[in-house]
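Participant: If you scroll down you'll find the structure; I have some questions about it.
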Amino acid sequence: MPRTTTLECPGCPPLRALTFDVLGLIKVIEARSKEGGAAKVVERWGEPDSSKCVLAASMVDRKKDPLLAVARKNGTIDFLNPLNGHLRFAISNVSDTANRPEDDPISGLHLFASKKLDSEYGCCTLLACTMKGKAIMRSYDNTLSPDLISSGSTRTWDVCSSGNILCSKVDGSENYVLFGGKGVEMNVWDLSECAKIWTAKSPPKNSLGIFTPTWFTSATFLSKDDHRKFVAGTNSHQVRLYDISAQRRPVMSFDFKETPIKAVAEDLDGHTIYVGNGSGDLSAFDMRTGKLLGSFLGKCSGSIKSIARLPEHPVVASCGLDSYLRLWDVKTRQLLSAVFLKQHLVRVVFDSNFTSEDAVGSTRDPSVEEAETVNEYENGDEQDTQPVKRKKSSKEKKANKKSKKKSNSNETSADDEGTKKIKKFKSKKRLKREIPDDSS
């Protein structure tokens with residue numbers, strides 16, 4: 001499996017994402033414009049434990065008192081602070097059944113941002129659904145100590161009598177929820193009354209008389225403001241558009257590649273969706289016509305498990321079995337950044353209230369910025385006055401040459417005088433030897 005990407009990554013805008021893997025670890029990835037938009041891991045929460053594998057996650061990313069709920073394989077649901085990863089409280093055996101968590105794991109999880117079942121409680125309300133169709137909606141009071149967590153009103157119902165629930169989604173108004181899975185047709189429920197209001201009908205046989213069994217793997221509402229239209233992906237690599245106000249069968253259906261659809265996500269425009277499959281293909285479709293808008297460049301090397309759209313910037317994230325978190329540009333469909341996280345990833349969510357240091361600094365008072373620039377100039381002058389090695393000027397070089405010549409000339413003159421004296425002394429000795437003595 002490759003650990004590096006061969007595409008050039010220009011970087012991404014300031015963002016913060018949380019990823020969840022099969023060993024129960026939560027990793028925080030941030031990208032800041034000061035660092036060139038390179039996404040990297042800044043925090044890791046938890047210890048590796050396969051029994052704590054993350055099955056589903058939901059986050060309320062409000063500015064005040066955000067909350068993160070994580071459903072694990074051992075049947076517990078942890079409520080965490082998404083800013084620092086601190087555990088607020090945890091609950092276990094949410095379905096209150098005799099089944100072991102391994103036999104009936106949680107397949108769907110949603111943490112409500114505004115809904116409260118009870119006025120006297122109402123710190124947080126959670127909707128969970130198990131694979132066998134046991135749905136429960138309950139409120140928790142997390143103002144007490146973790147050992148004294150109390151629950152408010154509880155509502156439970158059975159989504160299906162047979163089959164396995166594999167996907168669920170709550171609409172933007174948090175009044176409706178849809179379920180679907182293997183052997184379970186897509187159905188929509190009214191959460192205020194916990195009543196089913198619509199059930200899909202299987203498509204007819206094809207031209208060859210072959211009936212495709214029901215097997216939904218992912219689903220999402222097409223628009224946050226309209227619960228009547230939603231898109232579902234199937235194990236038979238089909239993408240289906242349903243309109244509960246029109247008919248029970250799909251109003252549009254088309255094939256995407258040759259592998260099962262594993263993840264779908266909606267865009268903010270209300271008609272574009274992003275589809276990821278088991279072979280790592282990620283593409284965008286216009287659900288008004290069913291037209292392929294384009295495929296994202298740089299195919300993933302493993303099945304895509306989760307897709308998330310960043311509301312503030314044209315960025316979409318994908319993760320899956322190749323252990324990469326990839327960030328893409330929605331407009332150009334180019335890869336902005338890729339982070340290798342070592343483990344198989346199951347989910348990614350964005351923190352929409354994240355702001356980088358550059359974004360905060362750009363809103364400062366201009367007078368403060370001028371003062372800082374003045375201080376920088378002053379500091380620069382102080383640094384210039386420090387003693388440093390410098391080259392000698394041309395005048396100093398000439399003076400040094402003249403002094404050297406004078407010293408050399410003085411030395412040579414002294415040597416000449418010494419030689420002259422020696423010659424005179426020798427010549428006197430020769431004269432004495434040559435002149436004869438008259439006395440003799």
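Please treat every number below as a calculation from the coordinates, not as lab data. Quick caveat: nothing in here was measured; it's all calculated off a predicted structure. FYI the Cβ positions are ideal-geometry reconstructions off the backbone, even for glycines, and counts take in every protein chain you see.
Participant: Just to be sure I follow the rule: in the stretch 1-92, considering lysines 8 or more places apart or on different chains, how many pairs have Cα atoms under 28 Å apart?
Facilitator: 12
Participant: Spin-label point model (7 Å from Cα, Cβ direction): what's the SER245 to LYS257 distance in nm?
Facilitator: Label-label distance for SER245 and LYS257, simple model: 3.4 nm.
Participant: In nm, what is the difference between 0.36 nm times the number of residues separating THR154 and LEU268 and their Cα-Cα distance? Before the final figure, lay out each step's value.
Facilitator: Details: separation 114, 0.36 × 114 = 41.04 nm, distance 3.29 nm.
Gain on stretching THR154 to LEU268: 37.7 nm.
Participant: Right, something else. Is there a pair in LYS134/LYS196; LYS257/LYS331; LYS132/LYS257; LYS169/LYS196; LYS229/LYS262 whose C-alpha atoms are over 24 Å apart, and which pairs would that be?
Facilitator: Check vs 24 Å cut-off fails for LYS132/LYS257.
Participant: With the Cα gyration tensor of the stretch 252-357 giving a ≥ b ≥ c as the square roots of its eigenvalues, does the rule (a/c under 1.5 for rounded; else a/b larger than b/c for prolate; else oblate) give rounded, prolate or oblate? Write out the running numbers ahead of the final one.
Facilitator: Numbers: a/c = 1.85, a/b = 1.16, b/c = 1.60.
Oblate, because a/c is 1.5 or more while a/b does not exceed b/c.
Participant: Another question, then. What shape does the stretch 190-320 have by the C-alpha gyration tensor, where a ≥ b ≥ c are the square roots of the eigenvalues, rounded means a/c under 1.5, and otherwise prolate means a/b greater than b/c and oblate the rest? Before the final figure, lay out the partial values.
Facilitator: Values: a/c = 1.77, a/b = 1.17, b/c = 1.51.
In terms of gyration-tensor shape, oblate.
Participant: For LYS34 and VAL60, calculate 0.36 nm times their separation in residues minus their Cα-Cα distance, and state this gained length in nm to one decimal. Don't skip to the end; give the middle numbers.
Facilitator: Values: separation 26, 0.36 × 26 = 9.36 nm, distance 2.74 nm.
Contour length minus Cα-Cα distance gives 6.6 nm.
Participant: I've got another one for you. Let me check I've understood the local charge: for ASP61, count other residues with C-beta under 10 angstrom from its C-beta, Lys and Arg +1, Asp and Glu -1. What total comes out?
Facilitator: On the way: positive: ARG16, ARG62, LYS63; negative: ASP351.
Here the charged neighbours net out to +2.
Participant: Please give the Cα centre distance for the stretch 167-203 versus the stretch 283-358, rounded to the nearest Å.
Facilitator: Cα centroid of the stretch 167-203 versus Cα centroid of the stretch 283-358: 26 Å apart.
Participant: Under a 5 Å amide H to amide H cut-off, with H placed in plane at 1.01 Å, what residues pair with SER218 once short-range neighbours are removed?
Facilitator: Long-range HN contacts for SER218: GLY233.
Participant: A further question on this structure: To the nearest 20 Debye, how big is the dipole of the stretch 247-322 about its Cα centre, given +1 on the beta carbon of each Lys and Arg and -1 on that of each Asp and Glu?
Facilitator: Details: 9 positive and 9 negative charges, 56 e Å.
So the magnitude is around 260 debye.
Participant: Would you kindly state how much longer the chain becomes between LYS196 and GLU43 on full extension, computed as 0.36 nm times their sequence separation minus their alpha carbon distance, in nm to one decimal? Could the numbers behind the result be given before it?
Facilitator: On the way: separation 153, 0.36 × 153 = 55.08 nm, distance 4.19 nm.
Additional length available on full extension: 50.9 nm.
Participant: How many nm separate the modelled label positions at ASN353 and LYS224, each set 7 Å beyond the Cα in the direction of the Cβ?
Facilitator: Reported label-point gap for ASN353 and LYS224 is 1.5 nm.
Participant: Hey, another quick one. Give, rounded to the nearest 20 debye, the magnitude of the charge dipole that the stretch 31-107 has about its Cα centre when Lys and Arg contribute +1 at Cβ and Asp and Glu contribute -1 at Cβ.
Facilitator: Numbers: 12 positive and 11 negative charges, 103 e Å.
In debye, rounded to 20, the stretch 31-107 gives about 500.
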